[in-house]
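Below is one structure, written out as structure tokens; the observations come after it.
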Amino acid sequence: MKSPLVVSVTGAAGQIGYSLLPRIASGQVFGYDQPVALRLIEIEPGMKALAGVVMELNDCAFPLLESIEATSDLDHGFKGTNWALLVGSVPRKAGMERKDLLGINGKIFVGQGQAIERNAAPDIRVLVVGNPCNTNCLIAMRNAPSIPENRWHAMTRLDENRAKSALAHRTGVHSRDVTRLAIWGNHSSTLYPDFENALIRGTPVSQHIHDRAWLEGDFIKDVQQRGAAIIAARGLSSAKSAAHAAIETVQTIRAVTPADDWHSVAIPSDGSYGVEKGLICSFPTRSDATTASIVQGVDLGEFGRVKFQLSLNELLEEKSMVSDLLPK
Ligand code: NAD
Ligand code: LMR
């Protein structure tokens with residue numbers, strides 16, 4: 001039996017936590033031969049609900065679930081952690097943009113970054129889900145300066161999955177037939193789902209969809225606005241699909257990406273594609289089973305470059321809004 005992997009999840013009593021935790025505990029995320037020790041982190045007002053979540057996890061009697069610790073103490077919650085899933089934060093309400101949450105949520109990621117810096121295992125990997133996830137990830141990373149930049153990720157896989165589903169519905173194929181669909185930029189209403197380099201059954205989307213106006217218009221807009229559409233319908237933000245995308249993000253980083261595909265995750269820029277170094281930006285990435293790296297040489301085309309630039313401008317604006325939370 002392998003030794004347990006320590007997995008910390010913040011906001012563990014929330015909606016996403018409720019969908020995410022049983023799937024981690026079951027072995028689906030880290031492998032069916034890999035025991036996990038869960039550290040569930042909440043703020044004090046969430047601790048009572050978290051106690052109920054812990055009861056339910058215990059009642060599942062998961063064979064791979066080695067231990068569960070519920071805590072509001074960040075040092076305890078991140079002690080020896082190998083994977084930190086930073087979900088805990090306030091979701092937006094109808095009519096808000098995700099960046100409107102920066103004032104409430106941004107500062108959460110200062111303390112969490114510092115606690116990860118003090119406590120995490122040397123092989124720590126972090127996935128930020130809490131919104132606005134790109135800039136929250138930047139805040140946490142900059143407050144944990146000894147942790148290598150390639151350990152930090154923010155989630156845009158949900159947007160990739162949404163875009164694949166939209167193309168599949170339009171063409172009558174299965175979403176698994178859509179590959180190389182990358183989200184560029186911010187997890188926000190400026191994100192760019194790159195339909196020009198995506199493939200359907202191995203051939204360019206343009207060979208399957210001749211309505212370029214739809215691709216440039218409603219397709220992009222619907223992917224950009226899908227989170228808001230779910231809030232309008234449910235009265236709550238996406239949770240099941242968000243938990244699923246978090247799981248796929250971790251699985252993808254922990255596996256070798258096939259050479260003919262790529263996946264979206266926001267990671268610190270290395271200067272590729274003219275993006276400011278260190279900015280947490282979504283790119284097409286491939287993993288070697290430990291580290292996601294930016295796929296080089298993708299030609300966005302003139303239309304895509306303009307769209308991507310709009311999202312980059314927004315990331316820079318968000319960065320300037322939180323300059324007081326970024327140590328020099
Ligand atoms: P929720 O309100 O149901 O749960 C959030 C939980 O976080 C609550 O239990 C709350 O007590 C806890 N929390 C708040 N501040 C905390 C802190 N400082 N430390 C630890 N826990 C804290 O919300 P949810 O639906 O689970 O969504 C969580 C976040 O994920 C939101 O910011 C939401 O916008 C974001 N989200 C991101 C994506 C994405 O694609 N990146 C998708 C869906 C949701
Ligand atoms: C989503 O994309 O569903 C989440 O980021 C939640 C939101 O606020 O839209």
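The values are calculated or read from the model by the stated rules, or taken from the named source; none is laboratory data. Remember, it's a predicted structure, so these values are computed and weren't measured experimentally. Please note: Cβ atoms are built from the backbone with ideal geometry, for glycine as well, and neighbour counts cover all protein chains shown. Heavy atoms of the whole protein, side chains included, go into the accessibility calculation; ligands, DNA and RNA do not. Shrake-Rupley method; radii C 1.70, N 1.55, O 1.52, S 1.80 Å.
Consider Thr249 against the criteria (1) in contact with a Lys or Arg (Cβ under 6 Å, 6 or more places away or on another chain); (2) more than 15 Å from ligand 2 (Cβ to nearest atom); (3) of a type in the set (S, T, N, Q); (4) closer than 18 Å to Val129 by Cα: it satisfies all of them except one. Which criterion is unmet?
Here Thr249 meets the rest and fails (2).
Step by step: first the residues of segment 1-59, then only those that are more than 18 Å from the chain's Cα centre (by Cα) and among the polar types (S, T, N, Q), then the one that is farthest from Ala120 (Cα to Cα). Which residue is that?
So, considering only residues that are more than 18 Å from the chain's Cα centre (by Cα) and among the polar types (S, T, N, Q), the one farthest from Ala120 (Cα to Cα) is Asn58.
Could you say which residue among Val306, Val298 is out of contact with any strand residue (DSSP E or B) (no Cβ under 8 Å at 6 or more places or on another chain), open to solvent by 10 Å² or more (accessible area, probe 1.4 Å) and among the aliphatic types (A, V, I, L, M)? Please lay out each step first, then the result.
Working: Val298 fails: out of contact with any strand residue (DSSP E or B) (no Cβ under 8 Å at 6 or more places or on another chain).
Sole residue among the options that is out of contact with any strand residue (DSSP E or B) (no Cβ under 8 Å at 6 or more places or on another chain), open to solvent by 10 Å² or more (accessible area, probe 1.4 Å) and among the aliphatic types (A, V, I, L, M): Val306.
Run Ala140 past the list (1) under 17 Å from Asp324 (Cα atoms); (2) without any contact (Cβ under 8 Å) to a residue 60 or more places away in the chain; (3) outside any helix (DSSP H, G or I) and report the number of the one that doesn't hold.
(3)
Can you name every residue in segment 82-96 that is in a loop (DSSP other than H, G, I, E, B) and either of a type in the set (A, V, I, L, M) or more than 10 Å from ligand 2 (Cβ to nearest atom) (or both)?
Residues satisfying the conditions are Asn82, Val87, Gly88, Ser89, Val90, Ala94, Gly95, Met96.
Can you pull out every residue in segment 114-137 that is within 23 Å of Asp270 (Cα to Cα), away from ligand 2 (no atom under 14 Å from the Cβ) and open to solvent by less than 10 Å² (accessible area, probe 1.4 Å)?
Across segment 114-137, the qualifying residues are Ile116, Ile124, Val126.
Please determine whether any residue of segment 117-127 is farther than 18 Å from Val275 by Cβ, within 9 Å of ligand 1 (Cβ to nearest atom) and charged (D, E, K, R).
Checked segment 117-127: no residue is farther than 18 Å from Val275 by Cβ, within 9 Å of ligand 1 (Cβ to nearest atom) and charged (D, E, K, R).
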